[in-house]
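The values are calculated or read from the model by the stated rules, or taken from the named source; none is laboratory data. Because the structure is predicted, anything quoted here is derived from the model rather than measured. Methodologically, a virtual Cβ is constructed for each residue, glycine included, from the backbone with ideal geometry; neighbour enumeration extends over all protein chains shown.
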Amino acid sequence: MNGTVREQALRKLESIENMPSIPAILEPLLRYLSLPVDELQVQKVVDMISNDESLTVQCLHLANSPLYCRWQAVDSLRGAIMALGLGKMKEVALACSFMKMLPKQVGGIDPVIFWEHSLACAMVSRHLARKLSLPFAEKAYLAGLLHDFGVIANVTALPHEFAAALALARAKEIPLHEAETEVMGINHAESGRILAELWRLAPELIAVIGDHHSPAQAKTNRGLVALVGLVDLLCRMRGLGYGYAENRIVNLLEEEAYATLLEECPLVRGADWTRITFELDNYMYEVHNLVAALYRMQ
Ligand SMILES: [Fe+2]
Ligand SMILES: [Fe+2]
């Protein structure tokens, strides 16, 4: 690999001035929402969210979406938070905030398609983790949602290089991370780790973001990393990738992610993977609805 291209990319990533910063509202809100649900006060969450107009609007849209069948329209932020449930607010806040960070159509990636992929990975990761009784089931949703955090870093810091990588991936029908490495010597897993460390995200999120394409190399949280890596692949195979089809035949059970998951969680061996991949189709419907409720309303 051309060291100069890689070094240039790394320099751009590390020195970028307008690297996405954690939204001002998000940090205190997330810290507060990390408390046990029974210690949370609805009014405090209302006060914090009402500081951010678009988050307020998105809570209202989501609460009134067909996903949450209400008898009456929810017309206040307090009502929306009650309808969605305090336990859900962390996911909603993160999903809404991260969505805002991806510039529209920069780098050739459609933000809606990107978030569809991220949400699909979040929902399927949690579903699978629960179904397989994995010990990290509660961390799976956020890990799935944020696994491609590095795409945001690349789109922001290396827009031209990223656009070239995506075009190459499309033309050669190869995985995005392989095309990125070919074009700029670094892929979104590596740049995601840089941004995630900058944001001081939780260690398990940094591991997933940095190692989901090479789970066997993960030094910590290997089970969670492998699960998300496997789900990422499943979603890409089901047309919920980055807006193009990869030309490869995948046998999940021969994948590095599966072998790593098995090493960490031996009980996974007994799972009915044919059924699990079949069930995934039901999720596609749910994912499309959620994306429509969250992102397609503007
Ligand atoms: Fe990825
Ligand atoms: Fe992905």
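Scanning segment 252-269 for residues that are closer than 29 Å to ALA163 by Cα and part of a loop (DSSP other than H, G, I, E, B) turns up just one, GLU255.
Of all residues in segment 137-153, those that are free of Cβ contacts under 8 Å to residues at least 40 places away in the same chain and away from ligand 1 (no atom under 12 Å from the Cβ) have Cβ atoms under 6 Å from Cβ atoms of residues that are part of a helix (DSSP H, G or I) and among the aliphatic types (A, V, I, L, M), 6 or more apart or on another chain, in ALA137/ALA129.
Taking segment 155-175 as the range and being within 11 Å of ligand 1 (Cβ to nearest atom) and either within 15 Å of the chain's Cα centre (by Cα) or over 20 Å from SER118 (Cβ atoms) (or both) as the test, no residue passes.
When you go through ALA257, ALA207 one by one, which is the residue that is within 16 Å of ligand 2 (Cβ to nearest atom), of a type outside the set (Lys, Arg), on the phi < 0 side of the Ramachandran plot and touching a Pro at 6+ places or on another chain (Cβ under 6 Å)?
ALA257
Residue count for segment 188-197 satisfying the condition of being in contact with a Pro (Cβ under 9 Å, 6 or more places away or on another chain) and either surrounded by fewer than 17 Cβ atoms within 10 Å (Cβ to Cβ) or modelled with pLDDT of 95 or more (or both): 0. Considering (1) over 26 Å from ALA171 (Cα atoms); (2) touching a Cys at 6+ places or on another chain (Cβ under 8 Å); (3) not in a helix (DSSP H, G or I), the lone condition that THR220 does not fulfil carries the number (2).
Any idea which of SER125, SER191, SER214 is hydroxyl-bearing (Ser, Thr, Tyr), under 21 Å from SER34 (Cβ atoms) and within 15 Å of ligand 1 (Cβ to nearest atom)?
Values: SER191 fails: under 21 Å from SER34 (Cβ atoms); SER214 fails: under 21 Å from SER34 (Cβ atoms).
When all the criteria are applied, what remains is SER125.
Segment 110-184 holds helices (runs of 4 or more DSSP H) entirely within its bounds, and those carrying 2 or more residues that are at pLDDT 95 or above map to 159-172, 176-184. For first residues located in segment 201-221 and in contact (Cβ under 8 Å) with a residue 60 or more places away in the chain, partners that are more than 13 Å from ligand 2 (Cβ to nearest atom) and small (Gly, Ala, Ser) and lie 6+ apart or on another chain with Cβ distances below 6 Å form the pairs ILE209/ALA196; ASN221/ALA207. For segment 198-218, a residue qualifies if it is within 18 Å of LEU94 (Cβ to Cβ) and touching a helix residue (DSSP H, G or I) at 6+ places or on another chain (Cβ under 7 Å), and the qualifying residues are GLU204, LEU205, ILE206, ALA207, VAL208, ILE209, HIS212.
Does LEU233 qualify as being at negative phi, modelled with pLDDT of 90 or more and touching a helix residue (DSSP H, G or I) at 6+ places or on another chain (Cβ under 8 Å)? Can you show your working first?
On the way: at negative phi: yes; modelled with pLDDT of 90 or more: yes; touching a helix residue (DSSP H, G or I) at 6+ places or on another chain (Cβ under 8 Å): yes.
For LEU233, the condition - at negative phi, modelled with pLDDT of 90 or more and touching a helix residue (DSSP H, G or I) at 6+ places or on another chain (Cβ under 8 Å) - is met.
Here is a list: ALA129, ALA179, ALA163, ALA157. Which entry is surrounded by fewer than 24 Cβ atoms within 10 Å (Cβ to Cβ) and more than 16 Å from ligand 2 (Cβ to nearest atom)? Steps first, please.
Working: ALA129 fails: surrounded by fewer than 24 Cβ atoms within 10 Å (Cβ to Cβ); ALA179 fails: more than 16 Å from ligand 2 (Cβ to nearest atom); ALA157 fails: surrounded by fewer than 24 Cβ atoms within 10 Å (Cβ to Cβ).
Result of the check over ALA129, ALA179, ALA163, ALA157: ALA163.
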